[in-house]
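Engineer: I'd like to ask you about the structure that follows.
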Amino acid sequence: MAIAAAIQQEVAGEVRALAAKGIQPGLAAVMVGNMAASLIYVRNKVQTCVELGIFSELITRPAAVTTAELLELVASLNARDEIDGILVQLPLPRT
């Protein structure tokens, strides 16, 4: 835990430095389906972003989402200025 805390402190400092320049990093987390363990993991990532001052957004899609729909979602997220990183949580459900 000491290593994680040190990393979080370092990231928080970098986020503050960016904020001083008017920049807020952003993360989009994409969940497909409803695997409980994955949902807990992703929610923890989103919460950590909030604690560090990073914009975060959790996007959920049903297990029946098609590959084309998921790729379209990722492309639309990639086009957004407030999103700097995209996390697609694995494993993806089989369709």
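Engineer: Ile7 versus (1) open to solvent by 60 Å² or more (accessible area, probe 1.4 Å); (2) at pLDDT 95 or above; (3) among the β-branched types (Val, Ile, Thr): which is the lone unmet condition?
Structural biologist: The one condition Ile7 does not meet is (2).
Engineer: Filter the stretch 14-35 down to the residues that are surrounded by 11 or more Cβ atoms within 10 Å (Cβ to Cβ) and without any contact (Cβ under 8 Å) to a residue 40 or more places away in the chain, then identify the one that is nearest to Ala79 (Cα to Cα).
Structural biologist: Ile23
Engineer: Test Ser38 against the stated conditions and say whether it is hydroxyl-bearing (Ser, Thr, Tyr), surrounded by 13 or more Cβ atoms within 10 Å (Cβ to Cβ) and outside any helix (DSSP H, G or I).
Structural biologist: Against the criterion (hydroxyl-bearing (Ser, Thr, Tyr), surrounded by 13 or more Cβ atoms within 10 Å (Cβ to Cβ) and outside any helix (DSSP H, G or I)), Ser38 does not qualify.
Engineer: State whether the residues of the stretch 31-43 include one that is of a type in the set (A, V, I, L, M), over 22 Å from Gln8 (Cα atoms) and within 12 Å of the chain's Cα centre (by Cα).
Structural biologist: For the stretch 31-43, residues of a type in the set (A, V, I, L, M), over 22 Å from Gln8 (Cα atoms) and within 12 Å of the chain's Cα centre (by Cα): present.
Engineer: Give Val11, Val42 a once-over and let me know the one that is more than 30 Å from Arg94 (Cα to Cα) and touching a residue at least 40 places away in the same chain (Cβ under 8 Å).
Structural biologist: Going through Val11, Val42 in turn, just one is more than 30 Å from Arg94 (Cα to Cα) and touching a residue at least 40 places away in the same chain (Cβ under 8 Å): Val11.
Engineer: Confirm whether Leu18 is touching a strand residue (DSSP E or B) at 6+ places or on another chain (Cβ under 7 Å) and outside any loop (DSSP other than H, G, I, E, B).
Structural biologist: So Leu18 fails the test.
Engineer: Quick one: would you say Glu82 is charged (D, E, K, R) and loosely packed, with under 13 Cβ neighbours inside 10 Å?
Structural biologist: Yes.
Engineer: When the stretch 52-79 is examined, which residues are found to be among the charged types (D, E, K, R) and touching a residue at least 12 places away in the same chain (Cβ under 8 Å)?
Structural biologist: Of everything in the stretch 52-79, those that are among the charged types (D, E, K, R) and touching a residue at least 12 places away in the same chain (Cβ under 8 Å) turn out to be Glu57, Arg61.
Engineer: Same structure again: Of all residues in the stretch 46-77, which are farther than 14 Å from Leu90 by Cα, of a type in the set (D, E, K, R) and either open to solvent by 80 Å² or more (accessible area, probe 1.4 Å) or in contact with a Ser or Thr (Cβ under 7 Å, 6 or more places away or on another chain) (or both)?
Structural biologist: Of everything in the stretch 46-77, those that are farther than 14 Å from Leu90 by Cα, of a type in the set (D, E, K, R) and either open to solvent by 80 Å² or more (accessible area, probe 1.4 Å) or in contact with a Ser or Thr (Cβ under 7 Å, 6 or more places away or on another chain) (or both) turn out to be Glu51, Glu69, Glu72.
The values are calculated or read from the model by the stated rules, or taken from the named source; none is laboratory data. For clarity, every value in this text was computed on a predicted model and none was experimentally measured. Don't worry about glycine lacking a Cβ; one is built from the backbone with ideal geometry, like all the others, and counts go over all protein chains shown. In case anyone asks, the SASA skips ligands and DNA or RNA and just uses the protein heavy atoms, side chains included. Shrake-Rupley method; radii C 1.70, N 1.55, O 1.52, S 1.80 Å.
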